[in-house]
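Single-structure report; data block below.
The values are calculated or read from the model by the stated rules, or taken from the named source; none is laboratory data. Quick caveat: nothing in here was measured; it's all calculated off a predicted structure. We place every Cβ from the backbone using ideal geometry, glycine too, and count neighbours over all the protein chains shown.
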Amino acid sequence: MNIIVLIKQVPNTTEVKLDPKTGNLIREGVETIINPDDLHALEAALALKETHEAVVTVLSMGPPQAIDAVSEAMGMGADKAVFLSDRAFAGADTWATSYTLGKAIQHMGEVDLILAGRQAIDGDTAQVGPQVADFLDLPQVTYVFDIQAVHADYVVVKRRLEDGYERIQCRLPALLTVIPGAGKPRYPMASRLLLACREKAPIQVWNAADIRVTTAEVGLEGSLTQVMRTFAPKFERRGTMLEGGTVDVVRTLTAHLRENKLV
Amino acid sequence: MAIWVEVDLCDGCRRCVRACPYDAVEIREGKAHIGDRCTSCGACMEACRNEAILTDAQPRVVPDFSDYKGVWVFAEQRGGELHRVSVELLGKAQELATQLNQTVAAVLIGDGVAGLADTLVEFGADTVYLVEDAILRDYRTEAYAHVFKELVEAHKPNILLMGATHIGRDLAPRVSRRVGSGLTADCTELSIDPDEGILLQTRPAFGGNVMATIINRYSRPQMATVRPGVMEVVSAAGTQGSIVTHVTRVSEDRIGTKILEIVKEPKTHTDLTEAKVIVAGGRGVGDAAGFELLGELAAALGAELAGTRVAFEEGWIPASRQVGQTGVTVRPDLYIACGLSGAIQHRAGMMDSKFIVAINKDPYAPIFKVADWGIVGDVFDVVPELTAQVRAVCQVMCD
C-alpha cells in the first residue's frame with residue numbers, strides 16, 4: 001500500500017519569546033523541529049510498514065531550510081519524500097495550504113492512506129488535514145490514537161473524544177489525523193540520515209509549476225483569510241491583595257475569576 | 001508578485017517595521033528593507049505615509065456578499081445532549097447579530113433531537129434549522145458536512161460558528177473546504193469591524209505567545225471555531241423562535257465511515273503541561289489530608305493537582321506533579337498556589353501562567369509578588385470556602 005505522511009517543520013514554540021519593546025516574535029536562534037503530532041503520524045506509518053507491504057512517502061511544504069525536516073523523516077525510515085518549496089507558497093492560510101498539498105497528492109499518483117498530525121504547534125488549527133481530505137473527496141478520521149487493523153479496502157481506528165473514544169471503520173483510501181498514541185516516535189538512524197543528505201536521495205523538490213497551480217491560487221494570494229494584526233497578549237500581574245473575612249475575600253476572588261472567564 | 005521599497009521616498013520612519021505581522025521589515029542605513037520572511041501581505045504598504053512601498057500585485061476585488069445574512073451556530077449534541085459550547089456561542093451570536101442588524105440561527109442535526117430546539121431559542125436562536133434522519137444519529141464527518149453544504153447553499157449565512165470540540169474541529173474545516181470558505185480556529189474574541197462590517201477573529205498563535213486578529217474578506221460564510229468556556233451564556237428567555245425543518249439527501253454509501261462502538265471513559269488526568277487550570281500546594285498544606293481539600297477544589301474547577309518539591313518529598317504528590325525547576329514547567333490559564341511560599345525554583349516553573357492566585361498565611365511570602373490576586377489566610381479556611389463558591393457558580397451556569 002502507498003502511505004503519504006504530511007509533515008511540517010515548526011519553531012519549537014516552548015522556546016519562542018517576544019521582544020518586550022516591539023512585541024514581535026524573536027525568531028533568531030529558535031530551534032526548528034518536526035511538528036510533534038506529525039512525528040506520531042510518521043511513526044504510525046513506519047509501524048505499518050513493518051507488518052504490511054507499504055511504501056511510505058513524506059510530503060512537506062515550507063521555505064528551503066525546511067528540507068531538514070524531510071531529511072530527518074527519511075532518517076527515521078521513510079522511503080521517499082516530496083518537498084514543496086516556492087516563494088509563491090508563502091503566507092498561505094489553511095485554505096491555500098490544503099489546496100497546495102491536495103494538488104501535490106493528486107500529482108503523486110495512487111495513494112491508499114494519508115496520515116497527518118492532528119495539529120501543528122505553531123498554528124494549533126487542526127484544519128489542514130480535514131481540508132486536504134475534503135479537497136481529495138476522501139473520508140477522514142481525526143484524533144486517531146490507535147490504528148487497530150488495516151485491510152485492503154478499510155481500516156479500523158480508535159478516535160479520541162473528550163470523554164472516551166469511538167471505534168470507527170473507515171473506507172480506504174482515507175486520511176487520518178493522529179495524536180500521540182502508544183508508539184513512541186523512533187529516532188533517526190545516522191546511516192539513513194547520511195543517505196538522505198546525498199545528492200541522489202529520493203527527495204523530489206517541487207514548485208508551483210510542478211504541481212500545476214498558478215501563483216494566484218496558492219500562498220497569500222490564494223488564501224481566504226488574512227492576518228490583520230498581531231499583538232502581544234497582556235499578562236500584567238495585578239498584585240491585588242484581597243482583604244476582609246474569609247467568605248468575603250473568596251467572594252471577591254470568585255468574582256474576579258468569573259470576570260476573566262476562569263471558572 | 002513582489003513588494004519593494006522605493007528608497008528615495010523612504011524616510012526611515014519605521015511605521016512599516018511595526019506594521020509587519022511577519023517581522024520581515026528592518027531599517028538598514030536609515031531605509032526600510034524587506035527581507036525573506038515577506039509574504040507580500042501589504043500591511044507595510046498601508047502603514048507607509050510616503051507611498052514608498054510598491055507592489056506589482058493586482059488588488060483583490062471583494063465580491064458582493066450583501067445577500068449573505070445571519071449568524072449561525074452549530075448546535076452540537078451527543079446522544080441527544082446539547083454541548084454547552086453551543087449555548088455559549090449563541091450568546092456571542094446574539095451580540096454579533098445585533099451589531100449587524102441580522103438574526104441568529106442554530107443548526108441542529110441528529111435523530112430525535114427536536115426537543116433541544118426550545119433550549120436553543122431560549123438562549124438566543126431566532127431560527128432553528130432542524131435536520132433529523134436515522135443516518136445522522138451519531139456524528140459522522142461526511143454526513144454532517146453534507147448537511148451543512150445543503151443548508152449553506154440554501155440559506156447563505158454571513159457567519160458560521162462552531163465549538164472547538166473534537167467534533168467541531170473535525171467538522172468545521174471539512175465544511176469550510178466544502179462551501180469554499182475561510183476558517184479561523186480557536187478564537188478567543190469575536191467582534192464586528194465597525195467600518196467594513198466583517199468579523200474580526202482574534203486567536204492565540206505560537207503557543208499563546210502572540211495574539212492575531214484574522215479576517216475573512218473574500219468568502220462567506222465567515223467561519224470560526226471557539227473553545228468551550230470562552231464565551232458567556234446569554235439568556236434570551238421570553239423571545240420567540242421558529243423551527244425550519246430540512247430533509248437531507250445524504251446517503252449511507254457517501255459517508256465512508258461506520259461507528260463500531262462509542263466508549264465512555266472516566267476522565268483520566270491530563271498532562272500537567274496541557275492543563276488549563278492548576279491547583280498547587282506546598283509545605284503550608286501540612287499533610288495528605290490537606291491535599292484532599294486541594295483535590296476537592298481541583299475537582300470543582302476541572303483542574304489538575306500539583307505541588308512543590310516539598311510536597312513531592314513528603315509524598316503528598318507524585319513526581320510527575322511537581323512544578324518547578326526540578327519538576328515540570330507549566331503555563332495554565334489559572335494557577336492557584338495554596339500554602340506555598342513561592343521559592344524562586346518553584347516560581348520558575350509557573351511564572352508564565354496567565355493568572356496566578358496565591359493563598360498563604362504569611363503576608364510576606366514571595367508568591368504574593370507574582371500573584372494577580374492574593375489572600376492572606378489559612379489554607380484550611382480559604383480553600384473549602386473557595387470550593388463551595390466555585391461549585392455554586394458552576395451550578396448556576398449549568399442550569
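Quick notes on this structure:
- Test: residue in the stretch B:119-132 that is within 14 Å of chain A (Cβ to nearest Cβ) and under 28 Å from B:Met231 (Cβ atoms): no
- Only a single item in (1) closer than 30 Å to B:Asp133 by Cβ; (2) more than 29 Å from the chain's Cα centre (by Cα) is not met by B:Glu6, and it is number (1).
- So B:Leu96, is it surrounded by 18 or more Cβ atoms within 10 Å (Cβ to Cβ), in contact with a helix residue (DSSP H, G or I) (Cβ under 9 Å, 6 or more places away or on another chain) and in contact (Cβ under 8 Å) with a residue 12 or more places away in the chain: no
- Some residue of the stretch A:129-138 being within 13 Å of another protein chain (Cβ to nearest Cβ), more than 17 Å from A:Asn2 (Cα to Cα), modelled with pLDDT under 95 and outside any helix (DSSP H, G or I): no
- All strands (runs of 3 or more DSSP E) inside the stretch A:187-242 with 3 or more residues being within 14 Å of chain B (Cβ to nearest Cβ): A:226-231, A:240-242
- Sole residue being out of contact with any Phe, Trp or Tyr (no Cβ under 8 Å at 6 or more places or on another chain) and surrounded by 15 or more Cβ atoms within 10 Å (Cβ to Cβ), chosen from A:Asp210, A:Asp163: A:Asp210
- Among the residues of the stretch A:40-94, those that are of a type in the set (Asp, Glu) and in contact (Cβ under 8 Å) with a residue 60 or more places away in the chain comprise A:Glu43, A:Glu72, A:Asp79, A:Asp86, A:Asp93.
- Residue list for the stretch A:17-47, filter: at pLDDT 60 or above, part of a loop (DSSP other than H, G, I, E, B) and at negative phi: A:Arg27, A:Glu28, A:Val30, A:Glu31, A:Asn35
- Unmet criterion (only one of (1) over 24 Å from A:Gly129 (Cα atoms); (2) out of contact with any strand residue (DSSP E or B) (no Cβ under 8 Å at 6 or more places or on another chain)) for B:Ala145: (1)
- Once the stretch B:27-52 is narrowed to residues that are surrounded by 14 or more Cβ atoms within 10 Å (Cβ to Cβ) and without any contact (Cβ under 8 Å) to a residue 24 or more places away in the chain, the residue that is farthest from A:Ala208 (Cα to Cα) is B:Ile27.
- Test: A:Val178 is closer than 25 Å to A:Gly75 by Cβ and buried (at least 21 other Cβ atoms within 10 Å of the Cβ): yes
- Qualifying residue in the stretch B:306-320 (condition: within 15 Å of B:Gly349 (Cα to Cα), within 30 Å of the chain's Cα centre (by Cα), surrounded by fewer than 22 Cβ atoms within 10 Å (Cβ to Cβ) and in the same structural domain as B:Gln345 (by TED's automatic domain parsing)): yes
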